[in-house]
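Before I ask anything, here is the structure I am working with.
The values are calculated or read from the model by the stated rules, or taken from the named source; none is laboratory data. All of these numbers come straight from a predicted model, not from anything done at the bench. Positions of Cβ are generated from backbone atoms using ideal geometry, with glycine treated the same way; all protein chains shown enter the neighbour counts.
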Amino acid sequence: MIALLRRDLVLAVRAGGGFGLGLAFFLILVALVAFGVGPGGALLARIAPGILWVGALLACLLSLDRIFALDREDGSLELLATAPLPMEGIVSVKALAHWITTGLPLVVAAPLLGLMLSLPGPGYPWLFLSLLIGTPALSVIGTFGAALTVGLKRGGLLLSLIVLPLYVPVLIFGAEVARRGAEGQALQTPLLLLAGITCGTLALLPFASAAVLRVNLR
Amino acid sequence: MDMRVTDLSIARGGVPLLEGVSFALVPGQALILRGPNGSGKTTLLRTLAGLQPALAGTLTFDSESVAYGAHADGLKAQMTVAENLTFWAAVHGGADIAPALAAFDLQALRDRLAGALSAGQKRRLGLARLMVTGRALWLLDEPTVSLDAGSVALFAAAVRRHLAGGGMAVIATHIDLGLPEAAVLDLGPLKAALPQADDFDGAFL
């Protein structure tokens, strides 16, 4: 499994791997919002947590269809399925690789981009923390969507339609943590709910993803 | 470890293809599958590899002992020959890749990107992958596609070494591999009767 993780990371960094694609998209999206809304500091500061969360979510979505589609095309997915790795382990490693190459850079970059949206000072640690807790759930849910659509040609749009509604709870509580943090309010409840969603998806969805992948490989 | 397949029925996309497939292999034996296009060779191999369920029949071997060689080789174009092979070796428990490189004459190409290989070289790399899996039962689907005569001989030698080491192989192929000792199973007579076509879709039109 370590070998699979290392291979996925190497492939992401090499030519055509798409590493940094999500990050660049995130940067451009946030810049566009900043230009579009204009230099009204108070308005930007109010919408900053929500914009940063929506941006992170869309950037995450961008690279989901590569998770299994590339392996399916060149046949390695079938060979992995016959390898001595449990399918649940394969999908978990795939989700982890997706998070490391997409989610983690977003988490690190978000506070910098918060500066661009004049996010209030107390909001930065909470924005960072909410993304750190929430983005693993985005990757795991996205892996489930990718497993569902792996057999389809150009399944990217369908994948977005399946995955985006499932992202809603993560977005609601993640953005709420960041907003309350920025306004200095109590944020224990949304933070715990966000952590609960992440733990729940991490525990359950790999089994669902493995099951649909087995069916899709038939 | 013997391999015994009894009265196996298989289907592709809901259409029954073969029924009553029975054969047995003991270590050191190979079986060649023959049959016209669409007769179910690939589906039979996928069923044996555990990638899809059989309609009926019994298989008496461990699916963990199978190394499947499909039409696609499962190579990553952005990784070198050695990296590709090392990855599959690591997944299967870390065998040494040097014998596999030597067996398919790939040493000179070991640092070449797999994307820069010719079709025949890719195929040789895909076949070398079988050796690093360390699995006893090779299931091969048209292994000689795009191989030249010399490479086919390398392949036949690798299969013979695998059999001599107590391995087994089931190979779907159209050409003569130079393995006269292998048993041959013709899938033509085992074709399943087509089911009555029901006009399910037509009812909606």
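Within the group A:24, A:31, A:81, which residue is within 16 Å of residue A:110 (Cβ to Cβ) and either facing another protein chain (nearest Cβ under 8 Å) or without any contact (Cβ under 8 Å) to a residue 12 or more places away in the chain (or both)?
The unique qualifying residue is A:24.
Could you list all residues from the range B:10-43 that are within 14 Å of chain A (Cβ to nearest Cβ) and of a type in the set (A, V, I, L, M, F, W, C)?
B:10, B:11, B:15, B:17 - these are the residues of the range B:10-43 that are within 14 Å of chain A (Cβ to nearest Cβ) and of a type in the set (A, V, I, L, M, F, W, C).
Residues to consider are A:109, A:146; find the one that is over 30 Å from residue A:87 (Cα atoms), in a helix (DSSP H, G or I) and modelled with pLDDT of 90 or more. Steps first, answer last, please.
Details: A:146 fails: over 30 Å from residue A:87 (Cα atoms).
Exactly one residue qualifies, and that residue is A:109.
Right, another one. In the range B:105-145, which residue that is farther than 21 Å from residue B:41 by Cβ, assigned to a loop (DSSP other than H, G, I, E, B) and not hydrophobic (A, V, I, L, M, F, W, C) is nearest to the other protein chains (Cβ to nearest Cβ)?
Among them, the one singled out is B:134.
Is there a residue in the range A:44-67 that is surrounded by 17 or more Cβ atoms within 10 Å (Cβ to Cβ), within 14 Å of chain B (Cβ to nearest Cβ) and in contact (Cβ under 8 Å) with a residue 24 or more places away in the chain?
Yes, that holds for at least one residue.
Every residue in the range B:68-85 that is more than 8 Å from every other protein chain (Cβ to nearest Cβ) and closer than 14 Å to residue B:132 by Cα, please.
B:69, B:81, B:82, B:84, B:85 - these are the residues of the range B:68-85 that are more than 8 Å from every other protein chain (Cβ to nearest Cβ) and closer than 14 Å to residue B:132 by Cα.
Something else: What is the number of the single condition among (1) in a helix (DSSP H, G or I); (2) at pLDDT 85 or above that residue B:100 does not meet?
Checking residue B:100 against (1) in a helix (DSSP H, G or I); (2) at pLDDT 85 or above, the one that fails is (2).
Limited to the range A:118-139, what total is found for residues that are of a type outside the set (A, V, I, L, M, F, W, C), more than 14 Å from the chain's Cα centre (by Cα) and part of a helix (DSSP H, G or I)? Steps first, please.
We begin by selecting, within the range A:118-139, every residue of a type outside the set (A, V, I, L, M, F, W, C); these are A:118, A:120-125, A:130, A:134-136, A:139.
So of that shortlist, the ones also more than 14 Å from the chain's Cα centre (by Cα) come out as A:118, A:120-125.
Narrowing further to those that are part of a helix (DSSP H, G or I): A:123-125.
Result for the range A:118-139: 3.
Considering only residues of the range A:171-218 that are of a type in the set (Val, Ile, Thr) and out of contact with any Leu (no Cβ under 8 Å at 6 or more places or on another chain), which is farthest from residue A:150 (Cα to Cα)?
Across the range A:171-218, the extreme among qualifying residues is A:189.
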